[in-house]
Each structure stands twice: as structure tokens, then as C-alpha cells.
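I have placed the structure first, in the form of C-alpha cells, so that the comments after it can refer back to it.
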Amino acid sequence: MFETIKKDINSKMEASVQTFKSDMKGIRAGRASPSMLDTIKIEAYGQKMNINQLGNITTPDPRTINIDIWDSSNVSLVDKCLRESDLGINPIIEGNLIRLPLPQLTEERRIEFLKMTGKISENTKIAIRNIRRDGIEKVKKLEKDKEIGQDDSKKNQDIIEKITADHIKLIEEILRSKEEELKKI
């Protein structure tokens with residue numbers, strides 16, 4: 001019974017860490033990267049879509065991202081979403097091609113990015129702690145229903161705490177690495 005709970009906790013925490021990693025990739029540190037656009041969703045064809053589902057994304061140089069939109073009717077939608085995003089870029093439209101010249105990373109923008117990374121990491125830690133709380137409640141219910149003894153309950157709760165600590169440590173390592181990357185430039 002506990003193995004199922006443990007597996008569920010692990011998979012949910014892993015999913016939170018993966019989401020955190022992808023959010024961190026979206027915060028740029030000076031180099032143009034198509035992953036910067038992963039968080040931007042465009043309302044097209046009656047549903048929310050990623051930009052890479054609407055066109056080819058390339059990086060011809062370290063300061064530019066090009067998006068070659070397949071359907072010209074989506075160019076203005078993509079342009080609007082890019083302008084409204086928190087990337088701080090002004091798209092240049094040339095037919096179906098949208099150029100995103102990335103500005104030099106200013107000290108002000110760098111501080112903004114550092115705050116953003118801190119906020120994202122804190123939200124992820126909260127999500128992981130909520131998963132821990134749910135897992136511990138399930139273990140306590142097993143004990144209350146007399147399916148496991150008090151010793152097993154305590155041991156299983158300690159295992160959940162260890163899994164939680166490992167995932168939070170991983171988030172802090174990723175955050176530290178991203179902060180160093182942002183400070184280096």
C-alpha cells in the first residue's frame with residue numbers, strides 16, 4: 001500500500017521539478033534560445049498552442065530568434081502574444097517571418113530575472129510541500145484504519161520527508177545554477 005503512495009509522491013514531485021526546469025530555461029541569460037518561447041501560448045484555431053506549433057523557430061545568431069510562421073493569418077496573433085509577454089522584446093515582422101532581436105541584458109533586467117527565478121522556485125517548493133502533506137495524510141489514514149502500525153506510519157512519514165528534502169535540494173541546485181548564469185553575463 002505504501003509503495004503506491006510513495007510512487008505517486010515521487011512522480012508528482014518529479015513532474016514539479018521538470019516544470020521548474022522548463023520555466024528556468026525560459027528565463028534567458030544573454031543567448032537566444034527557442035526554449036525562451038516555450039511558456040508563450042497563442043490562441044489559434046480555437047485552442048491555445050505553442051509557437052513551435054505555428055512555425056519554425058531558429059536562432060541565426062546569439063542575439064536573434066526568427067519565427068517563420070506557416071499560416072500568414074497567425075502572424076498578428078503571434079506578434080501580439082510576444083509583445084504582451086514578459087520577455088521584454090519588440091518583434092519585427094517581415095511577411096511571415098517574425099524577428100526577435102534580444103536586447104543586451106541590463107542590470108535592471110537581470111535583477112528582474114533573479115526575482116522571477118526566486119518566485120518560480122518558491123512556488124515549486126510550495127507545490128512539493130503540498131504533495132508531501134497529502135502523502136503524510138494518506139499514511140496517517142492507513143494508521144487510523146489499522147492497516148499499518150504506528151512504527152510503520154512513522155517510518156513511512158520519514159521516507160516521505162526524505163523524498164521531499166531531496167526534491168527541494170534539487171530545486172535549490174537548479175536555482176543556484178540559474179542565478180550564477182544570470183550574474184555572470
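Is it fair to say Leu182 is in a helix (DSSP H, G or I), touching a Leu at 6+ places or on another chain (Cβ under 7 Å) and surrounded by 12 or more Cβ atoms within 10 Å (Cβ to Cβ)? Talk me through it step by step, then tell me what you get.
Values: in a helix (DSSP H, G or I): yes; touching a Leu at 6+ places or on another chain (Cβ under 7 Å): yes; surrounded by 12 or more Cβ atoms within 10 Å (Cβ to Cβ): yes.
Considered against the rule, which asks whether it is in a helix (DSSP H, G or I), touching a Leu at 6+ places or on another chain (Cβ under 7 Å) and surrounded by 12 or more Cβ atoms within 10 Å (Cβ to Cβ), Leu182 comes out as yes.
Any idea which residue in region 121-165 is nearest to Ser22 (Cα to Cα), counting only those that are among the hydrophobic types (A, V, I, L, M, F, W, C) and without any contact (Cβ under 8 Å) to a residue 12 or more places away in the chain?
Kept after step one, since they are among the hydrophobic types (A, V, I, L, M, F, W, C), are these residues of region 121-165: 126-128, 131, 136, 139, 142, 148, 159-160, 163, 165.
Okay, now just the ones that are also without any contact (Cβ under 8 Å) to a residue 12 or more places away in the chain, so 126, 165.
Details: Ile126: 17, Ala165: 21 Å.
Applying the filter and picking the extreme gives Ile126.
Considering every residue within region 119-141, establish whether at least one is surrounded by 15 or more Cβ atoms within 10 Å (Cβ to Cβ), assigned by TED's automatic domain parsing to the domain that holds Asp38, within 15 Å of the chain's Cα centre (by Cα) and among the aliphatic types (A, V, I, L, M).
no
In region 7-27, is there at least one residue being surrounded by 13 or more Cβ atoms within 10 Å (Cβ to Cβ), not in a helix (DSSP H, G or I) and not charged (D, E, K, R)?
Yes.
When both residues are 6+ apart or on different chains and their Cβ atoms are under 9 Å apart, which pairs have a first residue that lies in region 47-63 and is under 12 Å from Arg99 (Cβ atoms) and assigned by TED's automatic domain parsing to the domain that holds Ser35, and a second that is part of a loop (DSSP other than H, G, I, E, B) and not small (Gly, Ala, Ser)?
Short answer, once both residue conditions are applied: Thr59/Arg31; Arg63/Arg31; Arg63/Leu102; Arg63/Pro103; Arg63/Gln104.
State whether the residues of region 73-84 include one that is touching a residue at least 40 places away in the same chain (Cβ under 8 Å) and surrounded by 13 or more Cβ atoms within 10 Å (Cβ to Cβ). Lay out the reasoning, then the answer.
Step one: list which residues in region 73-84 are touching a residue at least 40 places away in the same chain (Cβ under 8 Å), which gives 81-82.
With the extra rule that they be surrounded by 13 or more Cβ atoms within 10 Å (Cβ to Cβ), the set shrinks to 81-82.
Yes: one or more hits.
Could you go through region 148-165 and let me know if any residue there is touching a helix residue (DSSP H, G or I) at 6+ places or on another chain (Cβ under 6 Å), within 30 Å of Leu114 (Cβ to Cβ), of a type outside the set (Val, Ile, Thr) and buried (at least 18 other Cβ atoms within 10 Å of the Cβ).
Within region 148-165, not a single residue is touching a helix residue (DSSP H, G or I) at 6+ places or on another chain (Cβ under 6 Å), within 30 Å of Leu114 (Cβ to Cβ), of a type outside the set (Val, Ile, Thr) and buried (at least 18 other Cβ atoms within 10 Å of the Cβ).
Only one of (1) of a type in the set (Val, Ile, Thr); (2) at pLDDT 85 or above; (3) part of a loop (DSSP other than H, G, I, E, B) fails for Thr39. Which number is that?
Only one criterion in (1) of a type in the set (Val, Ile, Thr); (2) at pLDDT 85 or above; (3) part of a loop (DSSP other than H, G, I, E, B) is unmet by Thr39, namely (2).
Among the numbered criteria (1) of a type outside the set (Gly, Ala, Ser); (2) free of Cβ contacts under 8 Å to residues at least 24 places away in the same chain; (3) surrounded by 13 or more Cβ atoms within 10 Å (Cβ to Cβ); (4) over 18 Å from Asn52 (Cα atoms), which one does Lys115 miss?
Among (1) of a type outside the set (Gly, Ala, Ser); (2) free of Cβ contacts under 8 Å to residues at least 24 places away in the same chain; (3) surrounded by 13 or more Cβ atoms within 10 Å (Cβ to Cβ); (4) over 18 Å from Asn52 (Cα atoms), Lys115 violates only (3).
The values are calculated or read from the model by the stated rules, or taken from the named source; none is laboratory data. Just so it is clear, the structure is predicted and the values come from calculations on it, not from any experiment. With ideal geometry, Cβ positions are generated from the backbone for all residues, glycine too; neighbour counts draw on all protein chains shown.
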